[in-house]
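The values are calculated or read from the model by the stated rules, or taken from the named source; none is laboratory data. Computed from a predicted structure; not experimentally measured. Virtual Cβ from ideal backbone geometry, glycine too; neighbours counted across all protein chains shown.
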Amino acid sequence: MSHLRLAPLLACLVLPASLAAAEAVPTAAVAPPADAALPEVPDASDWGAVRDATAGLLASYVRIDTSNPPGDELRAARFVARFLEAQGIEARVYESAPGRGNVCGRLRATAPDGRGAILLLHHLDVVPADPDAWSFPPFSGAIRDGFVYGRGAIDDKGHGAIQLVAFALLARSDAPRARDVVLCATAAEETRGEGVGVDWMLAHHPAALGPPVAVWNEGGGAMRAPPLGDRPVAAIAVSEKRGLWLTLVAEGEGGHGSQPIRDSANRRLVRALARIDRFATPWRVPAPVAETLDRLAGALDFPWSLLSRLARHRIFLRLAGPWIEDVPMAQGFVRDTIALTRLDAGFKHNVIPRRAEASLDVRLLPETDAKVFLAALEEVIDDPNVRIEVPPGELPGRTEPSPWDDELFRAIETETKAEFEDALVLPIMMTAGTDSKFFREIGIPAYGFIPGLLDRELTASIHGLDERIPVAALETGVRVTYRTLGRLVAPSP
Ligand SMILES: [Zn+2]
């Protein structure tokens, strides 16, 4: 079966899934720069200089340690505001909690035609890094051999530096702008908002975010994938699975280990988990996954060339099922998944405890109704003494994918194809989460795409060791972003 050749490509499409696996290590304290250097932004005609300026900006940005926890994003927000103001762009910092903050800058329309604002979004916080394991200190912003190193070099300060420089180039351009463009950098993406990031901005300062008619955020990316040879693949996230972190709590009679109790908390929990282990959540092919496969079909070998075309038909899951069953990565695209991640019960070898707990990391397909899923899970558990605890405010609603015929998607697609010849542009569903969910939930289309060309090794450094981005990818990223924005703000003919 040539499915082995499809696997690396799927791996690329789930690249952002690595975002879910944080490297849980303490961070060494790094003194923040008193006044990080700001590069001069050159003209858009000198791309070599643009590349160097973007690398310099990113190096300074990385040096501001925003490891979350604790985040401490306010300093980074002020840095971004200072950069924007130096370009003559109005900017404001929004302090959402002590030490936490967001920043937005706005380029106003010079020839408004009534169309709504486009929002460029990235996040200020990063996951922690273990300095002992890195080739260069993770908050040094070292530039070596054509790469900028550092925690956040890709996720998401690299993406942020690309947006900031493209935004600055747009501000400099003499071309009339028919609509506003807003750039916001926000806190706490890595910890799902915490009520201080995008969620806080939407609640307290929605107008500062645009309000947008479409959002360009992190998520997908561009790369060359083995099954397609040298052909670049640009994966633009239009949808994502929703995390639901559940705790199962079993309670029962406690006692002495010499006298086993049939319905003890531990035994109830074990029986419930065994039933969940056998629970096969139904398979479905979400619309963006079908679209991804359909667009891939022409580029794949038989039998995937044929199978991919059948993705919208019932027979697809019957034919591809055996393979999907064997590849955990593939399962996430077609079903709600349940991972047992933590067990906690008992305190002494000869004591039967009265309480036992298990953590389940559930990832729901966007169209799954969380309440319906919970009801099904309760039925599977079938034990009133094992309850499911849902963190408050954590019951995700159904979300629609953002349309791939939207003007922002099409503009990114056009400029990506212009930059990367013969690129295959795919709308994708991510199996991990981003701040785009906050916008999709309220019906605002959001697209995840970092436009620099990366490879597998580099994407593996996201949340991992030696995170780094090629300066060449910064340059192409700025060019694609700048030209896409130019297309979107141009007065309609
Ligand atoms: Zn990120």
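Tabulated data for the structure shown
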{"quantity": "Residues that are touching a strand residue (DSSP E or B) at 6+ places or on another chain (Cβ under 8 Å), of a type in the set (D, E, K, R) and surrounded by fewer than 24 Cβ atoms within 10 Å (Cβ to Cβ), drawn from region 71-107", "calculated": "Asp72, Arg78, Glu85, Glu90, Arg92, Glu95, Arg106"}
{"quantity": "Tally of residues being without any contact (Cβ under 8 Å) to a residue 40 or more places away in the chain and either of a type in the set (A, V, I, L, M) or buried (at least 23 other Cβ atoms within 10 Å of the Cβ) (or both) across region 187-226", "calculated": "2"}
{"quantity": "Verdict on Gly219 being under 30 Å from Arg342 (Cα atoms) and within 12 Å of the ligand (Cβ to nearest atom)", "calculated": "yes"}
{"quantity": "From the options Pro282, Pro260, Pro286, residue that is of a type outside the set (D, E, K, R), surrounded by 16 or more Cβ atoms within 10 Å (Cβ to Cβ) and modelled with pLDDT of 90 or more", "calculated": "Pro286"}
{"quantity": "Hey, Pro232 crowded, with 19+ Cβ neighbours inside 10 Å, out of contact with any helix residue (DSSP H, G or I) (no Cβ under 8 Å at 6 or more places or on another chain) and more than 24 Å from Val285 (Cα to Cα) or not", "calculated": "yes"}
{"quantity": "When residues of region 440-453 are limited to those that are hydrophobic (A, V, I, L, M, F, W, C) and surrounded by 24 or more Cβ atoms within 10 Å (Cβ to Cβ), the one nearest to Tyr149 (Cα to Cα)", "calculated": "Ile450"}
{"quantity": "Selection count, region 74-103, where residues are outside any helix (DSSP H, G or I) and in contact with a Leu (Cβ under 7 Å, 6 or more places away or on another chain)", "calculated": "6"}
{"quantity": "Scan of region 306-326 for residues that are of a type outside the set (Gly, Ala, Ser) and crowded, with 16+ Cβ neighbours inside 10 Å, ordered by number", "calculated": "Leu307, Arg309, Leu310, Phe316, Leu317, Trp323, Ile324"}
{"quantity": "Sole residue being under 30 Å from Ala358 (Cα atoms), touching a strand residue (DSSP E or B) at 6+ places or on another chain (Cβ under 6 Å) and surrounded by 13 or more Cβ atoms within 10 Å (Cβ to Cβ), chosen from Thr337, Thr292, Thr341", "calculated": "Thr337"}
{"quantity": "Qualifying positions in region 189-247 - of a type in the set (Gly, Ala, Ser) and within 26 Å of Gly332 (Cα to Cα)", "calculated": "Gly193, Gly219, Gly220, Gly221, Ala222, Ala225, Gly229, Ala234, Ala235, Ala237, Ser239, Gly243"}
{"quantity": "Those strands (runs of 3 or more DSSP E) lying entirely in region 126-231 with at least 3 residues within 17 Å of the chain's Cα centre (by Cα) and modelled with pLDDT of 95 or more", "calculated": "181-186, 212-224"}
